[in-house]
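The values are calculated or read from the model by the stated rules, or taken from the named source; none is laboratory data. Owing to the predicted nature of the structure, the values given are computational and were not obtained by experimental measurement. Cβ coordinates were reconstructed from backbone atoms using ideal geometry, including for glycine residues, and neighbour counts include every protein chain displayed. These accessible areas exclude ligands, DNA and RNA; they are computed on the full protein's heavy atoms, side chains included. Shrake-Rupley method; radii C 1.70, N 1.55, O 1.52, S 1.80 Å.
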Amino acid sequence: MNRLPTVVIGIDFGTLSGRALVVATEDGTELGTAVHGYRHGVVERQLPGGGAALKPQWALQVPQDWRDVLVHAVPAALAAAGVTPEQVIGIGTDFTACTVLPVTSAGVPLCELDDLRDRPHAYPKLWKHHAAQPHADRINALAAARGEGWLARYGGKISSEWQFAKGLQLLEEDPEVYRRTDRWIEAADWIIWELCGTETRNLCTAGYKGIFQDGHYPSREFLEALNPDFGDFVGKLEHPLSAMGERAGGLSARAAAWMGLPEGVAVAIGNVDAHVTSVAAGAIDPGQMLAVMGTSTCHIINGPALAEVPGMCGAVRDGVIPGLWGYEAGQSGVGDIFAWFVESGLPEEYQTEARERGLSGHELLSEKAAKQPVGQHGLVALDWHGGNRSVLVDHDLSGVLVGATLATRPEEVYRALLEATAFGTRTIIDAFEGSGVRVDELIVAGGLLRSSFLMQIYADIIQRPLSIIGSAQGPALGSAIHAAVAAGAYPDLHAASATMARVHRNVYQPDPNHAATYDQLYAIYTELHDHFGRGGTNALHRLHALRNGSDNTEVS
């Protein structure tokens, strides 16, 4: 009797929803998918159920929303694929990062304990929770003063988004919740705990988000210098680390019942959404930079040796692909910036034209902007509406627009914002290449690759060919590829990626007629970038202080 072909499932936990993707193990064909939106979305103003109000720059989530993805999206994806549960041999997952939460020794989120439901610090802190910036600043200042060797592996600055900054904020703002935190764990690892019933930790999040370098975390002495009570923090993290593609364990009976799958199905070790996409996009060899472009952008590239790149988010050996150094950089706001501009209120005439022609605001503005020669708008913007992740690592910065006149049209501002994000990527590429990490090709994944206008702008500005992933579900496909390795269908990630990846090479080529003008605009961008971001003025920080309620004496 012929056996049915096997499949693997990739589950991508995003910022607002989770997606399950069923993939043929044999060749990577995507068979069926389903999405489940988080009921609570991003918790930014008030805790669920009319609970405590949140301060500015807070961003939390609710763990039950993640479990609901398993319960609803996985069975729906299997039904859409037309496969049976018995055909599933592996499950892989990926998560936003650093999304981190306090749990008990049994893995129970503290926000699910009755007496802590109204304590903001008991909830998972989403990746874009930036309220720990003062704590990150202290970590960076102390590390620089002490000459901590690990600091250069993170471009010279630890982000407010990461585990230690958020952990220090927890300790100092709610010591009781900190004391009751047995384990401080990335959501990428917590969901594996839910699936398998045992705690695991992955090398990727530990290295990029948890300052794990050369076999250890920052010293107890360093942590106690930050706060005497912070010395035990590493004890809430420590656990053997697993490499990418390894098997975390088998599906527990409880989790199997949620999804309607057989108990014992192989589960891959947890991973990060951007990093896991590398294998799906065929971006695993040195010189191939992956840009996962959505609300934000994460840049991933591998290299054969360690280089210290100013402003990068991390360099981790084996962090993406075993045997190579994986580098990460990023931009905090990309698609979010475009959406803000469109949604903040286009003129009525634009809204009317878009409705009559059946276009979105983005499509209409792109069409109008494309008709104007490069540079004719006379504008340059800084893409810091969500702060700057790379290369300045400063989330207190904000957006800038220079060159506007009374004749400036909405499509011109829109184009300047698109160009600004491309200039931001070029700045990141320049930092890598200036440190000896070559970038030959940019491979794009994520929702923004749907805009051919934006993609051509990127090719023209970075003056390199752009390849695009051949899947609309890059992270989920990458997780499925990891699941195939964890299940033993392939010997390693290289072999699995070679067969299951989807990529179209060199789709967008730089237009040499645009290069000279964009070089001039980039020079102005760089001048503004350094003036506002590297000490020419502290105006943006003073505005940030005013926006967050500081009095004038603090910002004068």
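Here are the numbers for this structure:
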read-out: Residues that are open to solvent by less than 30 Å² (accessible area, probe 1.4 Å) and either of a type in the set (A, V, I, L, M, F, W, C) or touching a His at 6+ places or on another chain (Cβ under 7 Å) (or both), drawn from the stretch 496-525; value: ALA496, MET500, ALA501, ALA515, LEU521
read-out: Candidates GLY446, GLY535, GLY478, filtered to the one that is of a type outside the set (A, V, I, L, M), closer than 25 Å to ALA73 by Cα and either in contact with a strand residue (DSSP E or B) (Cβ under 6 Å, 6 or more places away or on another chain) or free of Cβ contacts under 8 Å to residues at least 60 places away in the same chain (or both); value: GLY446
read-out: Pair list, Cβ < 6 Å and 6+ apart or interchain, from the stretch 47-66 residues that are open to solvent by less than 30 Å² (accessible area, probe 1.4 Å) to residues that are at pLDDT below 95; value: ALA59/LYS128
read-out: Subset of the stretch 216-255 that is farther than 29 Å from ASN140 by Cβ and not small (Gly, Ala, Ser) - its residue that is farthest from the chain's Cα centre (by Cα); value: ARG254
read-out: In the stretch 299-313, the residues that are modelled with pLDDT under 95 and crowded, with 24+ Cβ neighbours inside 10 Å; value: VAL309, MET312, CYS313
read-out: Condition met for ALA422 (part of a helix (DSSP H, G or I), farther than 30 Å from ALA315 by Cβ, open to solvent by less than 10 Å² (accessible area, probe 1.4 Å) and touching a residue at least 24 places away in the same chain (Cβ under 8 Å)); value: no
read-out: Selected residue (only one of GLU172, GLU238, GLU194 is in a loop (DSSP other than H, G, I, E, B) and either in contact (Cβ under 8 Å) with a residue 12 or more places away in the chain or open to solvent by less than 10 Å² (accessible area, probe 1.4 Å) (or both)); value: GLU238
read-out: Any hit, the stretch 358-367, residues being crowded, with 18+ Cβ neighbours inside 10 Å, modelled with pLDDT of 95 or more, touching a helix residue (DSSP H, G or I) at 6+ places or on another chain (Cβ under 8 Å) and not in a helix (DSSP H, G or I); value: no
read-out: Residue list for the stretch 206-224, filter: surrounded by 17 or more Cβ atoms within 10 Å (Cβ to Cβ) and in a helix (DSSP H, G or I); value: ALA206, GLY207, TYR208, LYS209, PHE222, LEU223
read-out: Condition broken by LEU203, with the remaining ones in (1) open to solvent by 10 Å² or more (accessible area, probe 1.4 Å); (2) within 17 Å of the chain's Cα centre (by Cα); (3) within 29 Å of PRO56 (Cα to Cα) satisfied; value: (3)
